[in-house]
Amino acid sequence: YNFFLYLSMRDGAYLCYVFYVVSIVGLMLSLSGFGLLHVWNAPVWSRYVLPLASGLTSFWAIMFALSFLHGNGIHPGLRLLLQLVAAASLALVPYAFVQPGQGALAAGSLAVVSVALIIAAGLNALVSGVVIARYFVLAWTTFAVGTFLYLLSIFSLIPVSQFSNYAMQAGSALEAVLLSFALAHRIKEERQQKLNALEEKSVAEQQIKQVQTLALEQALPKGNSWVLTK
């Protein structure tokens, strides 16, 4: 869906979200064990897929956030932090092939930092008056809560149940739905901005014509004013 939006809108935010979804699918396949059973069928690959998918998920999530919000209302310091974490997440890709175990721990830590910074950026934009940030914040908060519940069950801090097992997937699905609303609202806003720009351009052109006509009327003798009327 977002890929077709990218093809029609040519907006980089949609393409970043496509890569984010692909990355998080790889992460879920690795965490759930379904990847080992149905995709790569080799236990050694699970050690590499987890840090790779986690690092790429953090990277594309930050790229999507920066592109989607256009930097509007984001404090420059917070934007710099997001860029630094994105660079660190991307650096985990080659590091995961050398030290997959440490890479997984580092990727997990960066993922937590990434989500926290993304939500902070959304809140910063929301306070600054960016309307679509409300969908953005709600979407990422939903995903964060679902992931948090899943991790709590993994570390036996809450009872394992069907709800906790699929909390991350449910949070991710709700995130996709809410971000779809945000993207639709963004298309509406951009269309309205274009209409407003066209209206302002039309008004400006009318004002220029009026000024030019008035200038000609003042420049020509009164007896020749019929020429302008004609």
If you count, for each residue, the other Cβ atoms within 10 Å and average over each peptide, how do 200-206, 35-41 line up from highest to lowest? 35-41, 200-206
With every protein chain present, what is the per residue accessible area of the chain (1.4 Å probe, Å²)? 58 Å²
With every protein chain kept in the model, how would you rank S89, S46 by accessible area, 1.4 Å probe, largest at the top? S46, S89
Quick one: P(r) of the chain from all Cα-Cα pairs, 5 Å bins, percents rounded to integers, in order of increasing distance. 1, 6, 11, 15, 15, 13, 9, 6, 4, 3, 3, 3, 3, 2, 2, 2, 1, 1, 0, 0
Unit-weight point scatterers at every alpha-carbon of region 85-191, Debye formula, q = 0.11, 0.24 1/Å: log10 I(q)/I(0) is -0.45, -1.18
Point-to-point label distance, F34-A173, nm (Cα→Cβ direction, 7 Å offset): 1.0 nm
In whole Å and largest first, what semi-axes does the C-alpha gyration tensor of region 1-130 yield when each eigenvalue is scaled by 5 and square-rooted? 28, 18, 11
Region 1-71 - convex hull of the alpha-carbon atoms, volume per residue in Å³: 80 Å³
In region 128-192, which chymotrypsin sites (Phe, Trp or Tyr not before Pro) are in a loop and have at most 10 other Cβ atoms within 10 Å, using DSSP for the loop call? F155
What spacing in nm lies between the two simple spin-label points modelled at I187 and V203, each 7 Å away from Cα in the Cβ direction? 2.8 nm
Taking Cα pairs under 8 Å and at least six residues apart, what relative contact order does the chain come out at, in percent? 14 percent
Net charge of neighbours whose Cβ lies under 13 Å from the Cβ of F64, counting Lys and Arg as +1 and Asp and Glu as -1: -1
Solvent exposure ordering (accessible area, 1.4 Å, most first) of H70, H185: H70, H185
With every protein chain kept in the model, how would you rank V113, V22 by accessible area, 1.4 Å probe, largest at the top? V22, V113
On each of the three principal axes the extent of the alpha-carbon atoms of region 129-210, given in whole Å and largest first, is 75, 18, 10
Considering only protein heavy atoms and a 1.4 Å probe, what is the carbon-and-sulfur percentage of the accessible area of the chain? 69 percent
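The values are calculated or read from the model by the stated rules, or taken from the named source; none is laboratory data. From a predicted model like this one, the values you see are computed outputs, not experimental measurements. Cβ: placed from backbone, ideal geometry, glycine included. Neighbour counts: every protein chain shown. Calculation scope for accessible area: heavy atoms of the full protein, side chains included, ligands and nucleic acids excluded. Shrake-Rupley method; radii C 1.70, N 1.55, O 1.52, S 1.80 Å.
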